[in-house]
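> First the structure, which I've put down as structure tokens, then a few questions once you've had a look.
A short reminder: the numbers here are calculations on the coordinates, not readings from a lab. These figures come from a predicted structure and were not determined experimentally. Cβ: placed from backbone, ideal geometry, glycine included. Neighbour counts: every protein chain shown.
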Amino acid sequence: MQNRMKTHQLIENEIISLLDNEPVGRLATVDVSGFPYVIPVHYAYLNQKIYIHGLVKGEKLDNIIKNQKVGFEIDRFEGFIRPEEKNPCNVNTVYQSVIIRGTAKILEDETLKTEALNKIVEKYTPDLAGNSFKNAIKATAVIEITIKECTGKYYK
């Protein structure tokens, strides 16, 4: 465990609040060459899982098909703590972050896809919530991340 995690852990409701409110997450997969592939995504937290939507073809989906192990990260940057003396080595950051390790799968069930997409719409464009997805649901991939490990930390 990182040293800062011993004294600066977020509690569960703080982690959930970040997951519910931060607009951008970062999904990490492993590409066919074994390299990390990290991309920013819009997401929703629902039923203790992370849901991400996107096109039905692409590198992140190809990577998940080959290796379901993923990482997911969100953070909230709040500012810098500047020391009185002018030493750049003593500048620190006020932040909160959540790191998730889990397994991902591409959803096929239209009912679950619709539930996840509704949650994403409610989060980002609440004025459009409740509208039908019509044929778009077939052209939209939804990734479900089952959380295996989740940690949160902060510094103030």
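> Would segment 82-91 turn up any residue that is in contact with a Cys (Cβ under 6 Å, 6 or more places away or on another chain) and hydrophobic (A, V, I, L, M, F, W, C)?
no
> How many residues does segment 14-30 contain that are farther than 19 Å from Lys69 by Cβ and touching a residue at least 12 places away in the same chain (Cβ under 8 Å)?
9
> Sticking with this structure for a sec: When segment 98-115 is examined, which residues are found to be in contact (Cβ under 8 Å) with a residue 24 or more places away in the chain and assigned to a loop (DSSP other than H, G, I, E, B)?
Correct list: Leu107 only.
> Are any residues in segment 124-155 surrounded by fewer than 18 Cβ atoms within 10 Å (Cβ to Cβ), under 16 Å from Ala44 (Cα atoms) and either among the charged types (D, E, K, R) or without any contact (Cβ under 8 Å) to a residue 12 or more places away in the chain (or both), and if so, which ones?
Hits for segment 124-155 are Thr125, Pro126, Leu128, Ala129.
> Name the residue that is surrounded by the fewest Cβ atoms within 10 Å (Cβ to Cβ), counting only residues in segment 80-109 that are farther than 30 Å from Ile64 by Cα and of a type in the set (A, V, I, L, M, F, W, C).
Cys89
> Would you point out the residue of segment 31-56, among those that are in contact with a helix residue (DSSP H, G or I) (Cβ under 8 Å, 6 or more places away or on another chain), of a type outside the set (A, V, I, L, M, F, W, C) and in a loop (DSSP other than H, G, I, E, B), that is nearest to Gly71 (Cα to Cα)?
Among them, the one singled out is Asp31.
> Does Lys119 meet the test of being without any contact (Cβ under 8 Å) to a residue 60 or more places away in the chain, surrounded by 16 or more Cβ atoms within 10 Å (Cβ to Cβ), over 21 Å from Ile11 (Cα atoms) and under 20 Å from the mean Cα position of the chain (by Cα)?
no
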